[in-house]
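The numbers here are math on the coordinates, done by the rules we state, and not lab data. All values reported here derive from a predicted model rather than from experimental measurement. Neighbour counts run over all protein chains shown; Cβ positions are idealised from the backbone, glycine included.
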Amino acid sequence: MEGPPGAGKTVQAKLLRDRLGLAWISIGRVLAATVDDELLEMMKLGRMLPDKIVGEILEQAIDAVEVDTKIILDGFPRRQSQVEWFYEYLSRSQRSLEGVVHIMVRESEVQRRLLSRGRVDDTSKTISDRYEIYLNHITPMIDGFIANGIPVAKIDGEADIESVHERIDQFLSGVI
């Protein structure tokens, strides 16, 4: 599940987990629980962690889920090199990529959502920087998924939670 910070990926992933019995892996949460303080600080600033570290940690998290259980990856991949790692991982595992949900939200809405939650590391500048990083990487990734025949749903994430969930559910019913 892709989207900028504050798009509602986690909310939607939890709804899908609960409704469809899918496994949910939030890469942000897995990394935050695993990495050292220096890397955690990088994450808080919206910087990308080294792909090797992300790949190793994500692989352990995925491998801990039964092979026949569908998984929602929340917030992964974040750049093309991670997509390449993921395709390589899929080729040596018994897993497949069924589809990509891309929740789209404008920066002004991301700013509104994240600033309203009141976290110390959510400053207007940090949010803007994180959004810019997201924009720089998302278009080539989405184009790449489409070029590789992976179904992609582009969902308006500014609608209410239930409407967004309904659109995601409709998409997933056609791919899983």
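Got a sec? How would ILE161, ILE155 order by Cβ neighbour count within 10 Å, fewest to most?
Numbers: ILE161 12, ILE155 26.
Lowest count first: ILE161, ILE155.
Among [x] 16.9; [y] 11.1; [z] 9.7, which is the computed mean projected area of the Cα convex hull in nm²?
Only one option fits the structure, namely [z].
Give me the number: length gained by fully extending GLU107 to ASP129, i.e. 0.36 nm times residue separation minus the C-alpha to C-alpha distance, one decimal in nm. Please list the in-between numbers first.
Details: separation 22, 0.36 × 22 = 7.92 nm, distance 1.04 nm.
Extra length available between GLU107 and ASP129 comes to 6.9 nm.
Could you please rank TYR131, TYR87, placing first whichever residue has the fewest other Cβ atoms within 10 Å of its Cβ? Don't skip to the end; give the middle numbers.
Details: TYR131 21, TYR87 14.
Lowest to highest Cβ neighbour count: TYR87, TYR131.
Sequence neighbours fewer than 8 away in the same chain don't count; with that in mind, list the lysines whose C-alpha is under 23 Å from LYS14.
The reachable lysines, counting only those whose Cα sits under 23 Å from LYS14, are LYS44, LYS70, LYS154.
Pop a pseudo-label 7 angstrom from the Cα along the beta-carbon direction at both SER163 and ARG119 and give the gap in nm to one decimal.
Taking the simple label geometry, SER163 and ARG119 are separated by 2.6 nm.
Calculated from DSSP H runs of 4 or more alone, at -39500 (n - 2.57) each and per residue, what is the 222 nm mean residue ellipticity of the chain, nearest 500?
Values: 8 runs with 101 residues, N = 176.
Helix contribution divided over all residues of the chain: -18000 deg cm²/dmol.
Between ARG47 and SER93, what length comes free when the chain is fully extended (0.36 nm per residue of separation minus the Cα-Cα distance, one decimal in nm)? Before the final figure, lay out each step's value.
Details: separation 46, 0.36 × 46 = 16.56 nm, distance 2.88 nm.
Full extension of this stretch gives 13.7 nm more.
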